[in-house]
1. Quick one: is LEU126 open to solvent by 80 Å² or more (accessible area, probe 1.4 Å) and at pLDDT 75 or above?
2. Return yes when VAL107 is within 23 Å of LEU141 (Cα to Cα) and in contact (Cβ under 8 Å) with a residue 60 or more places away in the chain and no when it is not.
3. It is to be established whether one or more residues within the range 158-172 are more than 24 Å from VAL69 (Cβ to Cβ), open to solvent by 80 Å² or more (accessible area, probe 1.4 Å) and modelled with pLDDT under 75.
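The values are calculated or read from the model by the stated rules, or taken from the named source; none is laboratory data. This structure is a prediction, so every number in the text was calculated from the model and none was measured. Reconstructed Cβ throughout: ideal geometry from the backbone, glycine too, with neighbour counts over all protein chains shown. Just so you know, the surface numbers come from the protein's heavy atoms only, side chains and all, with ligands and any DNA or RNA stripped out. Shrake-Rupley method; radii C 1.70, N 1.55, O 1.52, S 1.80 Å.
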Amino acid sequence: MLGLYLHRESVIHRLPAGAKLGGLLLVTIIVLALPGAWGAAAAGLIGALVLAAARLPAGRVLRELRAPVVMLTLLFGFQALLSGGGWEETAVAVARFAALILLATLVTLTTRVMDMVDLFERLFGLLRPVGFNPAKMALMLALTIRFIPLLGEQVREVRMAQRARGVERNIAALFVPLLVKILTMADDLTAALEARGYDPADSGSEAPSKNATQR
């Protein structure tokens with residue numbers, strides 16, 4: 001699995017992972033609290049400023065956004081079709097989530113996965129007295145992050161197959177093979193972890209969790 005991190009010499013890259021994730025959470029709350037399209041406009045403006053400050057290639061960022069925006073459009077469009085209207089609300093909802101996905105993508109592009117894993121382990125370590133396994137939870141979140149680019153690649157492959165068969169407007173033709181691919185990847189990942197002897201209940205599982213995220 002390929003990570004999203006792109007190294008650049010910028011102030012955004014040098015920020016701690018906790019500061020970037022905390023800022024993302026704060027902006028998300030503000031965006032969802034603002035009425036109408038104001039939230040999407042605010043998040044888009046912040047995203048443009050961060051993109052410029054991080055010195056990231058705009059084309060690469062837009063490519064990363066293509067797959068989730070297509071999925072959001074299909075999801076909210078299908079919901080609007082079933083409800084018999086509300087296309088303006090649908091457009092606003094897609095714009096809001098697309099802007100938030102842009103910010104989340106910028107965080108992953110400017111933050112090393114291991115920095116995120118270390119942060120998650122420290123945070124979940126506070127919950128160890130109530131039975132939480134920090135290494136297991138950190139591994140779960142790290143794998144979720146690492147699956148983002150892989151999922152986008154799978155969506156692009158399915159879309160190309162759809163166009164070749166002339167069924168690009170068939171929603172089932174997108175989601176059914178995509179679901180099969182996701183389940184297959186989950187099985188392969190489980191087999192890989194078992195082959196490496198990963199045991200989330202083991203007190204020394206922190207090291208395997210870091211190794212697993214680098215595969």
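1. yes
2. When the stated conditions are applied, VAL107 passes them.
3. no
Matching residues to (1) out of contact with any His (no Cβ under 8 Å at 6 or more places or on another chain); (2) at pLDDT below 80; (3) among the β-branched types (Val, Ile, Thr):
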residue	(1), (2), (3)
LEU32	yes, no, no
ALA41	yes, no, no
VAL50	yes, no, yes
THR73	yes, yes, yes
